[in-house]
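A.B. asks: The structure under discussion is supplied below as structure tokens; questions concerning it will follow.
Derivation of every value follows stated rules applied to the coordinates shown; laboratory data play no part. Every value quoted in this text rests on a predicted model; they were computed, and no experiment measured them. Heads up, the Cβs are rebuilt from the backbone with ideal geometry, glycines too, and the neighbour counts pull from every protein chain shown.
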Amino acid sequence: MSVPILEVIDLHAAYGRIEVLRGVDLTVPKGAVVALLGPNGAGKSTLLKVISGQMKQTSGDVHLGGVHVQNPKPDELARLGLTTIPEGRSVFPNLTVEDNLLLVSYAGVPARDVMDTAYSYFPQLHQRRSQLAGTMSGGEQQMLAMARALASDPALLLLDELSMGLAPLIVDELYETVARIAQSGVSILVVEQFARTALRVSDYGAVMSGGRIVMTGEPNEIEKDMADMILGGVL
């Protein structure tokens, strides 16, 4: 078997004295899309924060591409191919679309490559290239955040609540793009509350509850078992 792009082993993390992650084990195979599902407060976003170096674990291990990472800095994670699109987008509202994209070139990616990648995935951004990012719709801002992340040529992309605050049709469009990104060879871990939407483009799913992974499997298995768990009052 090939080395997973991401492996989380017995991970614990806390806010003060309140333990939020209680022994999380999770694997993302290379080239796969994994949907991380579960109710609010399950620990999904906290797990992404630890993986992306925004928060320190209290114990446990994270491996990226077979490399053990311990309290890494963002630039170290970037060199290992990790890119995060956090909850709530993260564009510079007072800069134009094109200027938002050009910022990525300061990390060493040729500006032409940045633009080519962005506009090939999101032609709509080309039409808006001179518009201030803050004046665009929420869906267009999410497209811009995704375009900026893709310009860094990630090996692993972390998506946190891609659908937050967006209309269902826009969410469907964004997830179609997620599927295209995966087809290019990028591994993706997506945190999502709308399980069916995320599972449609996923190879595997994992369900969190109470700070632990309580279920893993293929999308059809996850969808059926989640329904049973919800009806049984487990989630």
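A.B. asks: Could you name the lysines whose alpha carbon sits less than 29 Å from that of Lys224, not counting residues in the same chain fewer than 8 places away?
C.D. replies: The qualifying lysines are Lys30, Lys44, Lys49.
A.B. asks: Of the residues Gln127, Gln57, Gln70, which exhibits the maximal mean-square fluctuation in a Gaussian network model of the chain defined by a 10 Å Cα contact cut-off?
C.D. replies: Result: Gln127 has the largest fluctuation of those listed.
A.B. asks: What nm value, rounded to one decimal, do you get for the distance between Gln54 and Glu223 when each label is placed 7 Å out toward the C-beta?
C.D. replies: According to this spin-label approximation, the distance is 3.0 nm.
A.B. asks: Report the local net charge at Leu48: Lys and Arg +1, Asp and Glu -1, summed over other residues whose C-beta lies under 11 Å from its C-beta.
C.D. replies: Details: positive: Lys44, Lys49; negative: Glu87, Asp160, Glu161.
Counting the neighbours of Leu48, the net charge comes to -1.
A.B. asks: Test of understanding: ordering Ser45, Ser2, Ser202 by Cβ neighbours within 10 Å, fewest first, what list do you get? Working shown, then result.
C.D. replies: On the way: Ser45 18, Ser2 8, Ser202 27.
The fewest-first ordering by Cβ neighbours comes to Ser2, Ser45, Ser202.
A.B. asks: Sorted from fewest to most neighbouring beta carbons within 10 Å, what does the list His126, His12 look like? The partial results should precede the final answer.
C.D. replies: Numbers: His126 13, His12 16.
Ordered from fewest to most neighbouring Cβ atoms within 10 Å, His126, His12 come out as His126, His12.
A.B. asks: What net charge is computed for the residues neighbouring Tyr175, neighbours being all others with C-beta under 12 Å from the C-beta of Tyr175, Lys and Arg scored +1, Asp and Glu -1?
C.D. replies: Values: positive: Arg180, Arg196, Arg200; negative: Asp172, Glu173, Glu176, Glu192.
With Lys, Arg at +1 and Asp, Glu at -1, the net is -1.
A.B. asks: Mind checking the full-extension length gain between Asp99 and Leu169? Use 0.36 nm per residue of separation minus the Cα-Cα distance, one decimal, nm. Spell out each step's value before the answer.
C.D. replies: Details: separation 70, 0.36 × 70 = 25.20 nm, distance 2.75 nm.
Here the segment from Asp99 to Leu169 would lengthen by 22.5 nm.
A.B. asks: Then there's this: Any idea what the dipole of the stretch 1-155 comes to, in debye rounded to 20, about its Cα centre with Lys/Arg Cβ at +1 and Asp/Glu Cβ at -1? Please report the intermediate quantities before stating the final value.
C.D. replies: Numbers: 13 positive and 14 negative charges, 50 e Å.
The calculation lands at about 240 debye.
A.B. asks: Determine, for Phe194, Phe92, Phe122, the number of other Cβ atoms within 10 Å of each Cβ, and report the residues in order from fewest to most.
C.D. replies: Listing Phe194, Phe92, Phe122 from fewest to most nearby Cβ atoms yields Phe92, Phe194, Phe122.
A.B. asks: About the Cα centre, and with charges only on the beta carbon of Lys, Arg (+1) and Asp, Glu (-1), how big is the dipole of the stretch 10-60? Nearest 20 debye, please. Don't skip to the end; give the middle numbers.
C.D. replies: Numbers: 6 positive and 3 negative charges, 28 e Å.
Value, rounded to 20: 140 debye.
A.B. asks: So if I restrict to the alpha-carbon atoms in the chain, what is the Rg, and what is Dmax, the biggest pairwise distance, in Å?
C.D. replies: Final numbers for Rg and Dmax: 17.5, 53 Å.
A.B. asks: If you don't mind, another one. List the aspartates and glutamates whose Cα sits under 13 Å from the Cα of Lys56, skipping any in the same chain fewer than 8 residues away.
C.D. replies: Straight-distance partners of Lys56: Glu19.
A.B. asks: Now for a different question. What does the charge add up to near Arg200, with Lys and Arg as +1, Asp and Glu as -1, over the other residues with Cβ less than 12 Å from its Cβ? Provide the component values of the computation, followed by the final result.
C.D. replies: Values: positive: Arg196; negative: Asp172, Glu176, Glu192, Asp203, Glu223.
Charge balance in the 12 Å sphere: -4.
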